[in-house]
Amino acid sequence: MSVYPPAVPQRIPPLWTVSMVTVTAMVAACCLWVLWEYASRGDQLGALLLGGWALVITGGIWLAVAVAGVNAYGVWRVSVLAPVLFALSAVLLVTGVPQRVGWALSRPSLESAAATCTDFEGSRRFGVYRIDRVTAIPQGCSFSLVGSGLGIDGFAYVPKGDPPQPLPNARAGDRYRHIDGPWYSYASFLDLAA
């Protein structure tokens, strides 16, 4: 028999619950944005820098709200959701799932456009990719991504299976990477020696 009265569970204030749900939603939005950027643009460094800063800010807010909730109210289950979302997103990025999903969703429309390879300039969507230029090249067809940055600049369709030659409008240091079948991605890197 205890001489102390039974502990009365503290009621969790609605303000804390709303704060934690809001911060978790912000973390989820940042993670989804980074995953979308990886899937649709291939601009990996830009997505990591912008998304990373957003996650640092929301992570700091999450930490303050989570610590307050655990210390004052003993609530930790709701607080775990944001780090789980972040860890899941990190695993997806490291394993390349967003890029593979983006390619799988976009390949059919890119292949139908590559069959005719009609030159055009202007933004147009092929699956999840926004393409600003389609160019016929001697080996096949080239698709340039809109606003490409520090990742993939575009795709080359080379049906003969030979590695593509540098594109006519290529910058110094073009690099090609085989994706699947007759498809290659390309990225241009600044060649400081040129």
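The values are calculated or read from the model by the stated rules, or taken from the named source; none is laboratory data. This one's a predicted model, so the numbers in the text were calculated from it and none came from an experiment. Note that we place each Cβ from the backbone using ideal geometry, even for glycine, and neighbour counts take in every protein chain shown. In case anyone asks, the SASA skips ligands and DNA or RNA and just uses the protein heavy atoms, side chains included. Shrake-Rupley method; radii C 1.70, N 1.55, O 1.52, S 1.80 Å.
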Quick one: ranking 120, 143 by accessible area, 1.4 Å probe, largest first, what do you get? 120, 143
For region 1-144, report the translational diffusion coefficient in µm²/s to the nearest whole number, using Stokes-Einstein at 20 °C, 1.002 mPa s, and a Kirkwood Rh over Cα pairs. 116
Given a 1.4 Å probe and heavy atoms of the protein chains only, how would you sort 12, 152, largest accessible area at the top? 12, 152
Among 95, 145, 128 the positive-end extreme of the charge dipole of region 34-153 (Cβ point charges): 95
Probe 1.4 Å, all protein chains in place: accessible area of residue 162 in Å², nearest 10? 90
In percent, what relative contact order does region 32-163 have, based on Cα pairs under 8 Å that are 6 or more apart in sequence? 25
Calculated Rg and Dmax of region 71-149 using C-alpha coordinates, Å: 20.1, 68
What is the spin-label model distance, in nm, from residue 28 to residue 70 if the labels are put 7 Å beyond Cα along the C-beta direction? 2.2
Quick check: residue separation of residue 175 and residue 112 times 0.36 nm, minus the Cα distance between them. What number comes out in nm? 20.2 nm
For region 79-162, run through the trypsin sites (Lys or Arg not before Pro) and keep only the ones in DSSP coil with at most 12 other Cβ atoms within 10 Å of their Cβ. 160
Treat each spin label as a single point 7 Å out from the Cα along the C-beta direction, and report the residue 105 to residue 56 distance in nm. 2.9
Ordering 33, 103 by the accessible surface of their heavy atoms, 1.4 Å probe, largest first, yields 33, 103
